Amino acid sequence: MAWKECSRVDQRVLLVGEFMRGEQQMAELCRNFGVSRKTAYKWVARYKADGPAGLVDRSRGAANARHARRACRLGGVARG
């Protein structure tokens with residue numbers, strides 16, 4: 001029998017679901033899933049705001065990065 005693999009989003013859905021059902025305290029869930037309480041509460045807030053789509057990985061880059069603005073001004077692609 002093969003191991004069942006879970007994606008990051010699946011793990012987040014499990015954590016949020018267990019928390020919202022009141023099955024475990026947040027601190028215990030965080031220990032079990034290996035995340036900080038700050039991160040877990042962020043996922044709960046995103047789930048409440050956007051549903052499961054809120055648990056998908058988001059870009060960590062700044063929306064208004066300096067190199068992107070420079071590329072727009074120069075009319076080309078910024079080079080690092």
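Where a number appears in this text, it was derived from the coordinates with a stated rule and is not lab data. Just so it is clear, the structure is predicted and the values come from calculations on it, not from any experiment. Neighbour counts run over all protein chains shown; Cβ positions are idealised from the backbone, glycine included.
Run the quick spin-label model on residue 37 and residue 13: label points 7 Å from Cα toward the beta carbon, then report their separation in nm to one decimal.
So the label points at residue 37 and residue 13 sit 2.8 nm apart.
If you plug each phi of region 29-42 into the Karplus form 6.51 cos²θ - 1.76 cosθ + 1.60 with θ = phi - 60°, what whole-Hz ³J(HN,Hα) values come out, in order, with x for Gly and Pro?
4, 4, 4, 5, 8, x, 10, 7, 5, 4, 5, 4, 5, 4
Can you give me the distance in nm between label points at residue 23 and residue 5, each placed 7 Å from the Cα along the Cα-to-Cβ direction?
The two pseudo-label positions are separated by 2.4 nm.
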